[in-house]
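Reading through the structure tokens given below for one structure.
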Amino acid sequence: MAEVQNIKVTIDNITVEVPMGTTILEAARKVGGEVAPPTMCYYSHLKGSGGKCRTCLVEVSKGSEKDPRPMPKLVASCRTGAMDGMEVKSMTSEKVIDARNGVTEFLLLNHPLDCPVCDQAGECHLQDLSYENGTEATRTTFERRTFEPEDIGPNIQLHMNRCIMCFRCVFAAEQLTDYREHGILDRGEHARISTCISKSLDHDFIGNVIDVCPVGALTDKTFRFKQRVWFTKPMDAHCACTKCSGEVRLWMRGDEVYRVTARKDEWGEVAIASNGKPGWICNECRFEKKKASDWVIEGPSNISRHSVISQGHYNKTVHEPQIGLLAEVIGKQPIMKMDIHDVSDVNKPNVHLSQIDGPAHSEDFK
Amino acid sequence: MKLLLENAHVEGIRYYEAYRKTGGYRALEKALKMTPEELVEEVKKSGLRGRGGAGFPTGLKWSFLAKPEGVPRHLVVNADESEPGTFKDRYLMEFLPHLFIEGMIISSFALGSNVSYVYIRGEYAWIPDILEQAIAEAKANGWLGKNILGTGFDCEIYVHRGAGAYICGEETALIESLEGKRGNPRIKPPFPAIQGVWMRPTVVNNVETIAAVVPIINMGGEEYGKIGVGRSTGTKLMSACGNLKRPGVYEIPFDLSVEEFIFGDEWCQGIANGKKLKACIPGGSSVPILPANLLLKTAKGETRYMNYESLSDGGFQTGSMLGSGGFIVLDEDQCVVRHTMTLAHFYMHESCGQCSPCREGTGWMYRVLKNIENGKGKMEDIYLLWDIQRRIEGNTICPLGDAAAWPVAAAIRHFRDEFEWHVLNPEESQTRNFGLAHYANPLEVVSA
Ligand SMILES: Cc1cc2nc3c(=O)[nH]c(=O)nc-3n(C[C@H](O)[C@H](O)[C@H](O)COP(=O)(O)O)c2cc1C
Ligand code: SF4
Ligand code: SF4
Ligand code: FES
């Protein structure tokens, strides 16, 4: 096999070495911290994803060693290859920040502000994005686009109102199941996810669309309204499953399993399982094994992604840049996106959840 | 001088006999005796620039076409022509189908495309029949099909009807649609020249661009390049519409002044009903609108001509673009706010919905404009509009986002007082239009 050449890319003045063919985004993720642009549509395990939401726009101030011309427009880092000697500005570019703020505003334009009744609240990428890049008040005075919630199969409900048209679920259905029955209908702001005439999505792996959805548009019907995610305790667990890796994350309260999802990495994507492949899980594991006794519980999950889930105990918070921060980025240390320490009132205030042995019991909570 | 429409009025020119009698298919005969490389070279020398809107040099585009061994290549002609104000391709295909088909065969030979496509907008319902008739005639006379004129070159042309979407004029959306998929623009790179239809190297060109290849081969690239001014070579079809005495499709020389084109007897013959010229969009709805004073003269006070360079003189600050040649003229009775709102509605309706700035921003701009137009606007709304368009432009997957942003930006840039008047006179603005104001006055200050 031909050896892959390594190239050097400088992002926000931090230089990393990555193999040729790496996208700017993946290189930036290697730097980590806030240098990595937010992503709403790109999903590293889904072929063809990315390029659509435009939250990951960056400025290329130097094209490459060979052709140092800057790129005239901001580019979508998730779909633009890094070149040797390329210099990129992400959080150090005013233009980028402005565009990102703009995209955030656009994404929120038709998004309902129903976080209080949305199951995704607390683990929603759009919430994170708007904390970081949004404004306090909206500038739109117009009615938002509305749809009726739709049941698309026994276990999944679609709230089209909340969809941001990232296309991830379409790619997931296309790439994980035998055939897909849902897609995008209509165009422009009328575009919507649909199964056309209320078909149901019930392939073995279709539940993963819930995990890839960055917002609360696709939700797990077996979990809906049962718990706020930050009141549950994530535990890594596994079982012997013939269809998938069986490596999951259980969302428990006391001995009760409220929800089963795939394990996620720090970027909110499905983590690589021990077999080296993305750890998509099957419907049976996700929707049916809802008893603690169905699982071998390994221990509390490490939530490395900024999240209210870690309940104010950010012991391993946002991925810190591995390379020392330079003057330009100092003061922009990774921050906690949601500072909701108050929530831990509900919990035993002095005990760190990860210190509790075994699954949390209901008496661990007030 | 006419290079394309010379014979448009010859009796029966739509059919093979008449076309052949006027010298049709001579260029193809000549081309088949040359090598594909020589043909590309001729087109390069001609300086021909794409007539679909962007004005990219055609010869250069052709030379970018990848030629991997054993992989078929394709020519796809963009006949989607959905840009408001543009209807010149329709005229060409309807009245001179053989000229177009001859251009296609020559271009296919130059590019090594054995299977070429015409992607035609669905609303042109009657034109595919005309083209298919011409294709059948060309075939019956040995200009198309297997082993053309014994050269060993095979070529088939298929006409593909679109379903009526502006976005399918964007070349990669067109390719997706041609492949039978949803017409969403692709994320570039890869460009069509490397991976186009069915991931094979593809050249997408406008109808008029391809038709222009015929006179280029007939007279030689060098000769063609001498016609016109500067980097605007040859001639251009303009589709003039709006409040003109004589709207229609005209073939213009590039040294024609804008004033002559609007008012000249040979051309549009002035503004209809004795009204005055207020504003004009010179190159299809996506390019910036110009008030009369900036249209006829550049900011430096020089005469403006109908060519790529002169129309874009002054950049977007004080200039516009030749674009696709859709020349839309507004008289003193037209309301720029209403007009801009109509365009915004168009872009909202035509956005494919893939990327957030365009999907959400186009509708937002439309709604804000609608408020202003209906006397419900506020001063901040004008700033808001500016902000929205600024954050769409350049941040989208395909240029439709820019095309939606530019008309709004230009309207505010040049007609801000009209927007403000709507806001300040909500009631009056419902009963009368702002009128001409100073837009037609000669420019007093010459600014850069
Ligand atoms: C939204 C959009 C619509 C377009 N519509 C057309 C069209 O209807 N006809 C056309 O020739 N080019 C259209 N274009 C330009 C094409 O993408 C492409 O640049 C052109 O067909 C290239 O041909 P040319 O080099 O001969 O001009 C459109 C571009 C965009 C972004
Ligand atoms: S439903 Fe979710 S995953 Fe699917 S497109 Fe909408 S936001 Fe994306
Ligand atoms: S700019 Fe508009 S039309 Fe173009 S890809 Fe984006 S949403 Fe679609
Ligand atoms: S993450 Fe790159 S465009 Fe959406």
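The values are calculated or read from the model by the stated rules, or taken from the named source; none is laboratory data. Keep in mind that this is a model prediction, so the values were computed, not measured. Here the Cβ is made from the backbone with ideal geometry for all residues, glycine too, and neighbour counts use every protein chain on show.
For every residue, the table says whether it meets (1) within 16 Å of ligand 1 (Cβ to nearest atom); (2) facing chain A (nearest Cβ under 10 Å); (3) closer than 13 Å to A:E189 by Cβ.
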site	(1), (2), (3)
B:H345	yes, no, yes
B:C358	yes, yes, yes
B:I388	no, yes, no
B:I397	yes, yes, no
B:G401	yes, yes, no
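Within segment A:151-190, which residues are crowded, with 18+ Cβ neighbours inside 10 Å, more than 16 Å from ligand 1 (Cβ to nearest atom) and of a type in the set (G, A, S)?
Residues satisfying the conditions are A:G153, A:A172, A:A173.
Name every residue in segment B:347-356 that is more than 7 Å from chain A (Cβ to nearest Cβ) and on the phi > 0 side of the Ramachandran plot, in order of residue number.
Those that are more than 7 Å from chain A (Cβ to nearest Cβ) and on the phi > 0 side of the Ramachandran plot: none in segment B:347-356.
I'd like the full set of residues that are among the hydrophobic types (A, V, I, L, M, F, W, C), in a helix (DSSP H, G or I) and away from ligand 3 (no atom under 16 Å from the Cβ), limited to segment A:136-181.
The answer is A:M160, A:C169, A:F171, A:A172, A:A173, A:L176.
Please verify whether A:I197 is modelled with pLDDT of 90 or more and more than 16 Å from ligand 1 (Cβ to nearest atom), treating the condition exactly as stated.
Judged against the criteria, A:I197 is not a match.
Given (1) of a type outside the set (A, V, I, L, M); (2) assigned to a strand (DSSP E or B); (3) buried (at least 20 other Cβ atoms within 10 Å of the Cβ), where does B:Y224 come up short, assuming only one miss?
(2)
Give me the strands (runs of 3 or more DSSP E) completely within segment A:182-273, filtered to those with at least 2 residues that are among the aliphatic types (A, V, I, L, M), ordered by residue number.
Where strands (runs of 3 or more DSSP E) fall fully within segment A:182-273 and carry at least 2 residues being among the aliphatic types (A, V, I, L, M), they are A:183-185, A:233-238, A:247-253, A:256-262.
Evaluate segment B:325-334: report whether one residue or more is within 15 Å of ligand 1 (Cβ to nearest atom), farther than 20 Å from B:K278 by Cβ and within 11 Å of chain A (Cβ to nearest Cβ).
No, segment B:325-334 contains no residue that is within 15 Å of ligand 1 (Cβ to nearest atom), farther than 20 Å from B:K278 by Cβ and within 11 Å of chain A (Cβ to nearest Cβ).
Yes or no: A:V4 touching a residue at least 12 places away in the same chain (Cβ under 8 Å) and over 17 Å from the mean Cα position of the chain (by Cα)?
yes
Please tell me if A:R79 is at pLDDT 95 or above, of a type in the set (D, E, K, R) and within 16 Å of ligand 2 (Cβ to nearest atom).
no
Out of segment B:278-303, which residues are under 13 Å from B:P442 (Cβ atoms) and crowded, with 17+ Cβ neighbours inside 10 Å?
B:P291, B:A292, B:N293, B:L294, B:L295, B:L296, B:K297, B:T298, B:A299
Please state which of the following conditions B:A240 fails to meet, knowing it meets all the rest: (1) under 25 Å from B:G169 (Cβ atoms); (2) at pLDDT below 95.
So the condition that B:A240 fails would be (2).
For A:T39, state whether it is crowded, with 20+ Cβ neighbours inside 10 Å and either closer than 26 Å to A:Y131 by Cβ or modelled with pLDDT under 95 (or both).
yes
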